[in-house]
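As structure tokens, the structure follows; a few thoughts come after it.
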Amino acid sequence: MAPTRPPLTRDRVIRAALEIADQHGLDALTMRRLGSELGVTAMSLYKHVPDKDAMVSAMLDHVIAQIDVPAEGVGWREAMERRAASARTVLGRHSWALGLLEERGVTGPVRLRYLDAVLGVLLTAGFSIEEAAHAFWLLDSFVYGHVLQEVGLRQQSDDDGQVGADELPHLTRLRDAMERTRFSLDQEFDRGLRVILDAIDPG
């Protein structure tokens, strides 16, 4: 007797879509491919999401919902450190979402509640509304940029074979220094985050 297939739900559809986007990129996500992955026809998916645009919006909400926003009562600096570290981890898993988050902005209940929670931590700590807005923008710009560079490094070929080391003396020197000092992306992230948090401290 064939095993019973779990019922098709909106959550199951979104999670399957996320797996495709994470592994193959957002361009690889089509309703036909998603239906095939779930063992159903593409038409049956429309009972749960009206179109691909709504699907992507739901996927972004799922990504944002994974980012840790400590509740009020935690010190603002610790809260922002935890949020930034969590965002780096989550967006590193779902790097296809980076450009879309900027493109689509903060819309929808999940993203709006996320923004409100972050602002609440900063305002409770004594930031003015203007300072809180600047802090939010600066921190997200740093995290997004860092994740983009990490993703780029992962995708970069170990040896492109295009230019000899003798033609790139400064880059060769940098590479040697990074190898010698055991350059760490984790340390660079922590160092950059500390600089930003020191700069925005309202105290």
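Normalised by the number of residues in the stretch 10-62, the average gap of Cα pairs under 8 Å and 6 or more apart makes the relative contact order 37 percent. Site pair THR89 and GLN66 shows an inter-label distance of 1.1 nm when each label is modelled 7 Å from Cα along Cα→Cβ. Set against the 2.2 N^0.38 Å expectation for a compact globular protein, the stretch 10-62 has a Cα radius of gyration ratio of 0.97.
Counted as membrane-span-like here are DSSP H helices of the chain whose alpha-carbon atoms extend 24 Å or more along the helix's own axis and whose Kyte-Doolittle mean is -0.5 or above; these are 129-155. Summarised in one figure, the compactness ratio Rg/Rh of the chain, Cα atoms and Kirkwood Rh, is 1.06.
Can you figure out the FRET efficiency of GLU78 with GLN23, using R₀ = 41 Å and their beta-carbon distance, to the nearest 0.05? Computed FRET efficiency for GLU78 and GLN23: 0.75. Ranking TYR114, THR9, HIS94 by Cα position along the charge dipole of the chain, where only Lys, Arg, Asp and Glu carry charges on their C-beta atoms, puts THR9 farthest toward the positive end. Note on the chain: helix-only mean residue ellipticity at 222 nm, from DSSP H runs of 4+ residues weighted -39500 (n - 2.57) and normalised by residue number, equals -22000 deg cm²/dmol.
With charges only on Cβ, +1 for K and R and -1 for D and E, what is the dipole size of the stretch 10-62 about its Cα centre, in debye, rounded to 20?
Here the size comes out at about 240 debye.
Spin-label pair ALA117-LEU153: with each label point 7 Å from Cα along the Cα-Cβ axis, the two points sit 2.9 nm from one another. Using Cβ point charges alone (K and R +1, D and E -1), the dipole size of the chain about the Cα centre works out to roughly 920 debye.
Read the figures in this text as sums done on the coordinates, not as results from a lab. If you're wondering where the values come from, they're calculated on a predicted model, not measured in any experiment. No Cβ is skipped: glycine too gets one built from the backbone with ideal geometry, and neighbour counts run over all protein chains shown.
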